[in-house]
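The values are calculated or read from the model by the stated rules, or taken from the named source; none is laboratory data. These numbers were taken from a predicted model, which means no experiment stands behind them. Glycine also receives a Cβ, built like all others from the backbone with ideal geometry; neighbour counts cover every protein chain displayed.
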Amino acid sequence: MVTYPIIAALRNDEDWKFLENSPVSTVYLMYGTLLGLKQAVKRLHILGKNVVVHIELIKGLGQTKEAVAYIADQVRPEGIVTTKGHLIGPVKDVGLWAVLHLFLLDTNAFHTGIQLVKTSRPDAVEIMPGLMPRVVRDLSREIDVPILAAGLIKTYEEVETILNAGAMGVITGTANLWGHRSEK
């Protein structure tokens, strides 16, 4: 799914202007409403981007298997990201890429996250905050799922540090990084 290690986090209408000439292959759609979701995904597909919808950030959508089925049937993105482990199975069942979003705030959250990954079996794990190279290394030893790092990543050096620690990709809303040519 991710062919370029920088993933654009599309958070507002202003961000669209940075996408057209960006080499990013995947976009996380992190805002909007149920009414505009289908059109936004269609617009991103026209730009040649894979789309992952952050289900909890789209106004008017619930976090239910019915919402997942609606997104798959009517909106047709490539994937869904969610903090809800119980939605990973339904996302995979409809043939979409399932990303589990974890907030790794302390040791307890780290260990709970490992168990959630092992039981829900997502296609990838997004961790926040992203500026944790040691945590990326430790997590990659515990799970066999690709790791995506997000949150607080603002510089090219930070991108490279996280990728070199073992992350498959970096999700960032910092548009000037969307054209970064990674050494990875």
So for segment 111-120 (the condition being touching a residue at least 12 places away in the same chain (Cβ under 8 Å), out of contact with any strand residue (DSSP E or B) (no Cβ under 9 Å at 6 or more places or on another chain) and more than 21 Å from R141 (Cβ to Cβ)), does at least one residue qualify?
no
Output yes when any residue across segment 30-42 is surrounded by fewer than 17 Cβ atoms within 10 Å (Cβ to Cβ), hydrophobic (A, V, I, L, M, F, W, C) and touching a helix residue (DSSP H, G or I) at 6+ places or on another chain (Cβ under 8 Å), and no when none is.
no
Quick check: is even one residue across segment 78-93 modelled with pLDDT of 95 or more, surrounded by fewer than 21 Cβ atoms within 10 Å (Cβ to Cβ) and hydrophobic (A, V, I, L, M, F, W, C)?
no
Among the residues of segment 67-74, is any modelled with pLDDT of 95 or more, of a type outside the set (S, T, N, Q), touching a Gly at 6+ places or on another chain (Cβ under 8 Å) and assigned to a helix (DSSP H, G or I)?
yes
Does any residue in segment 32-53 that is in contact (Cβ under 8 Å) with a residue 24 or more places away in the chain come within less than 9 Å, Cβ to Cβ, of a residue that is of a type in the set (S, T, N, Q) and in a loop (DSSP other than H, G, I, E, B) six or more places away or on a different chain, and which pairs are these?
L47/S22; K49/S22; K49/S25; N50/T3; N50/S25
Helices (runs of 4 or more DSSP H) within segment 107-184 that include 1 or more residues in contact with a Lys or Arg (Cβ under 7 Å, 6 or more places away or on another chain) and surrounded by 16 or more Cβ atoms within 10 Å (Cβ to Cβ):
156-164
Select from segment 154-180 the residues that are aliphatic (A, V, I, L, M), in contact with a Ser or Thr (Cβ under 9 Å, 6 or more places away or on another chain) and over 16 Å from V27 (Cβ atoms) and list them in ascending order.
V159, L163, A165, A167
Please find, within segment 118-131, the residue that is farthest from M30 (Cα to Cα) out of those that are in contact with a helix residue (DSSP H, G or I) (Cβ under 8 Å, 6 or more places away or on another chain) and not charged (D, E, K, R).
T119
Residue list for segment 79-117, restricted to those being of a type in the set (V, I, T), touching a helix residue (DSSP H, G or I) at 6+ places or on another chain (Cβ under 8 Å) and within 21 Å of T26 (Cα to Cα):
I80, V81, T82, T83, I88, V91, V94
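Restricting to segment 29-58, name every residue that is under 15 Å from A8 (Cα atoms) and small (G, A, S). Before the answer, list the steps.
The first filter runs over segment 29-58 and keeps only residues under 15 Å from A8 (Cα atoms), leaving 29-31, 40-41, 43-45, 47-54.
A40, G48, listed by residue number.
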So L102 clears everything in (1) more than 18 Å from G32 (Cβ to Cβ); (2) surrounded by fewer than 20 Cβ atoms within 10 Å (Cβ to Cβ) except one condition, right? Which one?
(2)
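If I filter segment 91-107 for residues that are at negative phi, touching a Leu at 6+ places or on another chain (Cβ under 6 Å) and not β-branched (V, I, T), do I get at least one hit? Talk me through it step by step, then tell me what you get.
So the first thing to find is which residues in segment 91-107 are at negative phi, and the list is 91-94, 96-107.
Right, trim to touching a Leu at 6+ places or on another chain (Cβ under 6 Å) and you get none.
No; the residues of segment 91-107 include none that is at negative phi, touching a Leu at 6+ places or on another chain (Cβ under 6 Å) and not β-branched (V, I, T).
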